[in-house]
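Q: Before I ask anything, here is the structure I am working with.
The values are calculated or read from the model by the stated rules, or taken from the named source; none is laboratory data. Model, not experiment: these values are computed from the prediction. Please note: Cβ atoms are built from the backbone with ideal geometry, for glycine as well, and neighbour counts cover all protein chains shown. These area figures cover heavy atoms from the full protein model, side chains too; ligands, DNA and RNA do not enter into them. Shrake-Rupley method; radii C 1.70, N 1.55, O 1.52, S 1.80 Å.
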Amino acid sequence: MSYGKKSDKSVQEHIRNKSALVVDMRSDTVSKPSPAMRRAMAEAEVGDDVYGEDPTVNSLQERAAKLLGKEAAIFVTSGTMGNLIAVMAHCDKRGCEIYCGEDSHIVLHEQGGAAQLGGVTVCPIQNNPDGTFDLARLSKKLKHDRSHEPISRLVACENTLNGKVVPQSWLDDVAAFAKQHQLKLHLDGARLWNASVASGLPAARIVRDFDSVTFCLSKGLGAPAGSLLCGSKIFIEAARRLRKVLGGGMRQSGILAAAGHVAIDEIVPLLKEDHRRARKIAEAVNEAGCKSFKVDLKLTHTNMVLVKVESDKFDAENFVAKLENVNGDEKVMVRALALEKQLARFVTYYEITDEMTDAAIVKILRVMKDLEGNQS
């Protein structure tokens, strides 16, 4: 994953001097807390959460559990911590194995934490374009000889996956499969609310059959930090102990939890606008008619636009680097990520306005045409 060629110092200089409009679409994690979040944080009633005495944390945990139809929840520092705690709680003896899509966050972006810290083997399964994976292939990966093989214990899914809403029918099939094979089931729902808004399904329905689920407050919802891990009361009791050993026991963390309350109230209803703006960018890329740039609109469901860059003369990193250049009369800098050599990502969130979207589209299309024009 590339983070672009432009230095942070250069970007901050443009922001400080207002010499360019900076449209930062590297990720929805770059969003900043809203004024309402900042007020709530300043005024939050707090206590020592390690003792279970922070009223704002307690109310957020109760709210999260109720929203997802689970018995209990725990506030953790990040989605990565929430996923790791879930894996370690379900795989309660060393030598267990979990099964995830090969494109999942657990496989690609968590440093193999399940193995590093939990003694858990991760078995990746090839993802299909729609974010699912073949359950027949999964079945062949399950272990049966307990003397010589890892112990098959957990299936972990992700929704959304790279902005795609995973089909609910498949999630239901996974649940049936897990029950048949006596496996636990975890959902990395970092952007669960995007999936809910885009699909029209209540979040509780999406996660109904999962033993545990995480969702992030800082991805798409604008809060500065934090995720919720939800499950049964017994599971959350085990999670609380694991959170402590991983260094996640925070004290007056109601200051952060207060922003989470506002994020649910204020930002979730706005997600449909993020999706609309992302769709506008995706359609503009395709309508430009540049042969080297393409978006699969069938898989553009939420706030992520994945642009395929296919050329012998340039790649996604060249594309992203040129989007950050500010030259002459042009006063727009667009920041994106080169996920792969041939794949660039743009992510919308509540601070990306219609005006910023339109300005970004103009810049994106100009750079696309310039790159194609220089091929000949």
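Q: Here are Glu372, Glu355: which of them is at pLDDT below 95, in a helix (DSSP H, G or I), more than 30 Å from Leu108 (Cα to Cα) and open to solvent by 30 Å² or more (accessible area, probe 1.4 Å)? Write out each step before concluding.
A: Details: Glu355 fails: at pLDDT below 95.
Result of the check over Glu372, Glu355: Glu372.
Q: I'm trying to understand the selection: among the residues of the range 176-192, which are part of a helix (DSSP H, G or I) and either in contact with a strand residue (DSSP E or B) (Cβ under 6 Å, 6 or more places away or on another chain) or under 30 Å from Val305 (Cβ atoms) (or both)?
A: Result: Ala178, Leu192.
Q: Separate question: Tyr99 fails exactly one of the following numbered conditions: (1) open to solvent by 20 Å² or more (accessible area, probe 1.4 Å); (2) within 23 Å of Gln182 (Cβ to Cβ); (3) at pLDDT 95 or above. What is the number of that condition?
A: Of everything listed in (1) open to solvent by 20 Å² or more (accessible area, probe 1.4 Å); (2) within 23 Å of Gln182 (Cβ to Cβ); (3) at pLDDT 95 or above, Tyr99 misses just condition (1).
Q: Evaluate the following for Asn325: is it modelled with pLDDT of 95 or more, among the polar types (S, T, N, Q) and either assigned to a loop (DSSP other than H, G, I, E, B) or over 26 Å from Val268 (Cβ atoms) (or both)?
A: Judged against the criteria, Asn325 is not a match.
Q: Give me the residue from the range 43-82 that is without any contact (Cβ under 8 Å) to a residue 24 or more places away in the chain and part of a helix (DSSP H, G or I) and, out of that set, least open to solvent (accessible area, probe 1.4 Å).
A: Ranking the candidates gives Asn58 first.
Q: Please work out if Glu110 is under 27 Å from Lys308 (Cα atoms), in contact with a Phe, Trp or Tyr (Cβ under 9 Å, 6 or more places away or on another chain) and open to solvent by 20 Å² or more (accessible area, probe 1.4 Å).
A: On the way: under 27 Å from Lys308 (Cα atoms): yes; in contact with a Phe, Trp or Tyr (Cβ under 9 Å, 6 or more places away or on another chain): no; open to solvent by 20 Å² or more (accessible area, probe 1.4 Å): yes.
No.
Q: Please determine, by comparing only the residues of the range 144-179 that are exposed (fewer than 15 other Cβ atoms within 10 Å of the Cβ) and among the acidic types (Asp, Glu), which one is farthest from the chain's Cα centre (by Cα).
A: Asp145
Q: Inside the range 197-314, counting only strands (runs of 3 or more DSSP E) that do not spill past its ends, which hold 3 or more residues that are buried (at least 24 other Cβ atoms within 10 Å of the Cβ)?
A: By residue number, 212-216, 227-231, 304-309.
Q: Looking only at residues that are surrounded by 17 or more Cβ atoms within 10 Å (Cβ to Cβ) and in contact with a Cys (Cβ under 9 Å, 6 or more places away or on another chain) in the range 113-122, which one is nearest to Met81 (Cα to Cα)?
A: Looking at residues that are surrounded by 17 or more Cβ atoms within 10 Å (Cβ to Cβ) and in contact with a Cys (Cβ under 9 Å, 6 or more places away or on another chain), I get Ala114.
Q: Then there is this: Which residue pairs have Cβ atoms under 6 Å apart, sit 6 or more places apart or on different chains, and have a first residue in the range 315-332 that is under 10 Å from Val367 (Cα atoms) and a second that is in a helix (DSSP H, G or I) and open to solvent by less than 30 Å² (accessible area, probe 1.4 Å)?
A: From the range 315-332, the pairs are Lys322/Val367; Leu323/Val367.
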